[in-house]
Amino acid sequence: MKIDGTPYRTVWVDETDGWSVRIIDQTKLPWSVDKPRLTTLAQVAHAIRTMQVRGAPLIGAAAAYGLCLAMRADATTAALEQAGALLGATRPTAVNLRWAIERMLARLRPAAPAQRVAAAYDEAARIADEDVAQCAAIGRHGMALIAAAAEAKGGGRVDVLTHCNAGWLATVDWGTALAPIYMAHEHGIAVHVWVDETRPRNQGAALTAFELGKHGVAHTVIADNAGGHLMQHGMVDLAIVGTDRVTRGGDVANKIGTYLKALAAHDSAVPFWVALPSSTIDWRIRDGIAEIPIEQRAAAEVTQLTGPTADGTLATVQVTAPGSPVANPAFDVTPARLVTGFITERGRCPASEAGLLSLFPEFA
Ligand code: MRU
């Protein structure tokens with residue numbers, strides 16, 4: 001997707017040297033577009049841990065490139081295993097991270113050490129390119145829902161609510177939840193997005209609003225607590241969110257607050273769709289509430305806010321009473337029963353094991 005007319009992916013190999021890894025530093029958005037050059041495994045692990053890169057598919061692709069840098073430094077089997085373990089420990093909830101590392105290890109373990117660098121870059125590029133293709137396919141399958149809503153409204157504007165950032169910044173390109181919106185926009189369908197601010201880290205207010213704005217898609221940022229009210233008043237035609245892990249049974253882990261939006265949508269009969277590439281499905285577990293590890297993050301994300309002052313310099317301010325204890329679970333689990341359906345690269349399906357297997361029978 002484009003920023004001010006220039007097309008970007010969220011992670012790529014530096015064009016000049018052909019080996020270092022470039023990212024867009026998402027902790028700086030929307031205030032500046034910084035593209036740091038990463039040259040070591042440790043830098044990639046740091047970028048994932050500190051959320052310079054974030055979003056389930058993107059952290060998987062970034063980890064794949066982290067293994068490329070690790071192999072450049074030391075292509076022994078011991079170094080490969082250590083790098084996989086280090087990257088795998090950076091964030092716990094999104095299964096795409098484990099998926100990408102396991103795929104890389106499966107490709108690199110049987111290779112001779114002398115072949116591993118080339119093989120790593122090849123596999124990482126495949127992971128990145130496949131993510132782009134899958135997200136584009138999600139866009140096509142999801143656009144049909146927006147087109148149907150537009151038709152049901154006699155061509156009127158379709159209002160979509162989304163939570164967190166599941167746009168191109170969260171993937172390699174296109175996004176998951178936002179891909180159908182970009183496709184609908186490009187096909188001339190009038191679409192407007194209610195953007196949950198998504199406290200505590202404000203991925204909606206900072207990232208989703210940024211990318212929709214850069215792409216010219218109509219949107220309105222709302223406080224997280226506003227969604228239920230909008231749904232009660234018929235102001236949301238459908239909700240589309242992304243996910244960090246979907247269980248075999250169809251339970252959905254996503255950014256904290258997603259569950260509350262699903263409850264509100266259920267009460268107001270608003271369709272609640274979840275968009276995901278198949279790399280987000282954890283076929284090994286069934287019960288999301290019991291089995292998905294929920295990341296607990298720093299208290300400062302809740303107690304502080306950062307933004308520009310009048311002269312443009314960034315300032316951080318405290319927003320909670322000094323000394324109050326804080327809890328900061330970063331994700332929650334929405335039970336499958338509250339999800340209308342999944343939008344995947346192979347099409348749409350009910351949020352259930354049978355639904356998922358109808359599209360991915362190879363996992364039966
Ligand atoms: O903590 P984050 O910003 O990495 O969380 C991201 C989300 O929860 C997204 O909704 C999810 O990864 C889907 S991204 C296509």
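Annotations
- Where a residue in the range 59-81 is under 19 Å from N96 (Cβ atoms) and among the hydroxyl-bearing types (S, T, Y) and its partner, wherever it lies, is open to solvent by less than 10 Å² (accessible area, probe 1.4 Å) and more than 16 Å from the ligand (Cβ to nearest atom), with Cβ under 7 Å and at least six apart: Y65/V21; Y65/A124
- Test: residue in the range 147-154 that is of a type outside the set (G, A, S), farther than 30 Å from E197 by Cβ and free of Cβ contacts under 8 Å to residues at least 60 places away in the same chain: yes
- Residue satisfying all of: in the range 154-167; near the ligand (Cβ under 9 Å from one of its atoms) and not in a strand (DSSP E or B); nearest to L238 (Cα to Cα) among these: H163
- Scope the range 295-336; condition within 19 Å of the chain's Cα centre (by Cα) and exposed (fewer than 15 other Cβ atoms within 10 Å of the Cβ); matching residues: Q296, P329
- Residue pairs whose Cβ atoms lie under 8 Å apart, sitting 6 or more positions apart in sequence or on different chains, and linking a residue in the range 41-54 that is touching a residue at least 60 places away in the same chain (Cβ under 8 Å) to a partner that is within 11 Å of the ligand (Cβ to nearest atom) and outside any loop (DSSP other than H, G, I, E, B), are R54/I48; R54/A170; R54/Q203.
- Answer from A149, A137 - the residue that is over 30 Å from V44 (Cα atoms) and at pLDDT 95 or above: A149
- Flag if I127 is within 19 Å of P57 (Cα to Cα), out of contact with any Ser or Thr (no Cβ under 6 Å at 6 or more places or on another chain), in a helix (DSSP H, G or I) and open to solvent by less than 10 Å² (accessible area, probe 1.4 Å): yes
- The conditions of being among the basic types (K, R) and touching a strand residue (DSSP E or B) at 6+ places or on another chain (Cβ under 7 Å) are not met by R199.
- Residue identified as in the same structural domain as T171 (by TED's automatic domain parsing) and closer than 23 Å to V172 by Cβ among T247, T220, T198: T198
The values are calculated or read from the model by the stated rules, or taken from the named source; none is laboratory data. In this text the structure is predicted, and so the values were computed from the model without any measurement. Glycine also receives a Cβ, built like all others from the backbone with ideal geometry; neighbour counts cover every protein chain displayed. Each accessible area value is taken on the protein alone, full model and side chains, heavy atoms only, with ligands, DNA and RNA left out. Shrake-Rupley method; radii C 1.70, N 1.55, O 1.52, S 1.80 Å.
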